[in-house]
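Visitor: Got a structure for you, questions after.
The values are calculated or read from the model by the stated rules, or taken from the named source; none is laboratory data. Everything numeric in this text was worked out from a predicted model, so none of it was measured. Glycine also receives a Cβ, built like all others from the backbone with ideal geometry; neighbour counts cover every protein chain displayed.
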Amino acid sequence: MNEGNSEMNHVEQAPKAQVQTKRSFSIIWVVPIIALLIGGWLTFKAMSEKGPVITITFETADGLEAGKTKIKFKDVVVGKVTAIDLSEDRSGVVVTVEMSRNAEAYMTDKTQFWVVRARVAAGEVSGLGTLLSGAYIGCNPSTEGAKSKHYKGLEKPPMITVGMPGSHYMLKSAELGSLDRGSPVYYRGIKVGQVVGYGFDENRDGVNIKVFVHAPFNEKVLQNTRFWNASGIDLTMDATGIKMDTQSLISIMLGGVAFDLPKNQPSLAQAEKESTFSLYTDRASIEEKTYTIKRYYKLIFDQNVRGLSPGAPVEMKGIRIGEVVDVKLEINKETQKILIPVLIMMEPERIDILVTAKGVVTNARGKKEELEETGDDQYDMARAIKNGLRAQLKTGNLLTGQLYIDVDIYPDAPPVKAELDGAYPIIPTMPTPLEQIADSVSRIVKKVEAIPFDKIGKDLQLAIKSLTATLDEFKALSGNINQEMVPKINNALSRLEEAMDGVKATLGPDSALNYNARQVTSEMALSIRSMRSLLEYLERDPQALLLGKEGDKK
């Protein structure tokens, strides 16, 4: 009992247990935390170093591969292709590119992309490394322009001039010719630059050609410098012989541009960057003067103008004063007459005195009006036409049949009135010398055709018959004469001979008539001499007729 109580007391006296939660860091969490920190740091680094994502559209994905193809600038990787898909209209491919962070400043609409492959152009070989490493996308970055993420790739690589010392210039030409990107630019036979691009002008009437000239040769591009197309061979023939001019074999095959100052031209200041120049056709054309004043006139031809085309020269006395602008064909529905109006342009600055249309009022309805004199000091159009100003087609090349317009004064030309056709004064025309000869021959032929050869032939046959009959009669008459008249004629001749003998005896030198005639002649001579003496005396002394001679008075 006591033992039981003691046990119960002992139980009641035992201390009550207290449970406490101990907070401590377990080593097992170290690895996940470190992994999380590393992942976060890598994510932050990747996000901070990640560049812009852009898309580039190409016609084809030839040589491109997602995850492998690089984007390079000066052989430095600046991006990577991440995906390649077809465009929505299936006209090309859309290449998704992840650029490096450093390239973000260059993602403007002026930046260019193209696929670099092995290529031979403009006498240069490029991209041979892609034969082993595969194609890559080239980049020509630019900080100019607006930010962009969508680009249209170039099918041909441009000429990269970013960061290169030199200057860009713009050349204006009517056509591109044999020029292409990479075509060389020469200065006195030395290559100093290249063509970097081309395209149509704003009106699409001509071509703008962009060239780059390396330093220090860009200092030779002055304000009065002239560029010309150095493609091919420039062959000229004049009184001094045949001349051939070319820059190099490359320019002959692939084209080229050259520049220099015209002869006897002073050197002006250096041209500014991006200056615009005209591109001349050849070396000789840069020596020609530049004229700014243009005058337009219309010529009306009714003859064949085959060989006359726009650009053909307009000359006066063999000197070029303009060119043909347009050649048309007009048919009058009422008269069915065919006319060929030719529009020409003249440059008054080429000569000191030129026909002008100053002061002429243009009919707004486009009808022809009589052109009146303006009274200006210059040679007025109406006065020039009145004095015989005429235009004429002439052959410029016998081999090709090319024609040109010759303008000259023909004082004997028939007078015509000066007229307007719309906005253009009309210069009267004259037929060519060959046409004048042809017209004369035609008139002669018409006159010959008008001769009634049939009637003349009939009359001639009648005349021949009549003549034949007359000859027959004459033949018969001559037979009668031989038989009847000849003896009579012989008798008459005998009697005539006898008469002549009698005359000879009467008038001969020894005849009595001849002797008496000589005596009479002598006496008449003495009488004439006496009369002459008397007249001379009376001349000296006229009063002798009244008073007699002085000797008789005594």
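Visitor: So, in the stretch 177-218, of the ones that are surrounded by 20 or more Cβ atoms within 10 Å (Cβ to Cβ) and among the polar types (S, T, N, Q), which residue ends up modelled with the lowest pLDDT?
Guide: So the residue we want is Ser183.
Visitor: Kindly indicate whether Thr82 is within 18 Å of Glu155 (Cα to Cα), of a type in the set (Ser, Thr, Tyr) and touching a strand residue (DSSP E or B) at 6+ places or on another chain (Cβ under 9 Å).
Guide: Values: within 18 Å of Glu155 (Cα to Cα): no; of a type in the set (Ser, Thr, Tyr): yes; touching a strand residue (DSSP E or B) at 6+ places or on another chain (Cβ under 9 Å): yes.
Judged against the criteria, Thr82 is not a match.
Visitor: When the residues of the stretch 275-310 are narrowed to those that are under 23 Å from Ser231 (Cα atoms) and loosely packed, with under 11 Cβ neighbours inside 10 Å, which ends up nearest to the chain's Cα centre (by Cα)?
Guide: Checked the stretch 275-310; the qualifying residue nearest to the chain's Cα centre (by Cα) is Lys289.
Visitor: Picking from Glu347, Glu334, Glu315, which residue would you name as being out of contact with any Gly (no Cβ under 7 Å at 6 or more places or on another chain) and at pLDDT below 90?
Guide: Glu334 is the lone residue from the list that is out of contact with any Gly (no Cβ under 7 Å at 6 or more places or on another chain) and at pLDDT below 90.
Visitor: Test Glu59 against the stated conditions and say whether it is surrounded by 14 or more Cβ atoms within 10 Å (Cβ to Cβ) and of a type in the set (Asp, Glu).
Guide: Numbers: surrounded by 14 or more Cβ atoms within 10 Å (Cβ to Cβ): no; of a type in the set (Asp, Glu): yes.
Considered against the rule, which asks whether it is surrounded by 14 or more Cβ atoms within 10 Å (Cβ to Cβ) and of a type in the set (Asp, Glu), Glu59 comes out as no.
Visitor: Would you point out the residue of the stretch 417-456, among those that are surrounded by 10 or more Cβ atoms within 10 Å (Cβ to Cβ) and among the small types (Gly, Ala, Ser), that is modelled with the lowest pLDDT?
Guide: Ala438
Visitor: Identify all residues within the stretch 287-346 that are under 16 Å from Tyr404 (Cα atoms), of a type in the set (Val, Ile, Thr) and touching a strand residue (DSSP E or B) at 6+ places or on another chain (Cβ under 6 Å); write none if there are none.
Guide: Ile300, Val305, Val314, Ile321, Val324, Val325, Val327, Ile340, Val342, Ile344
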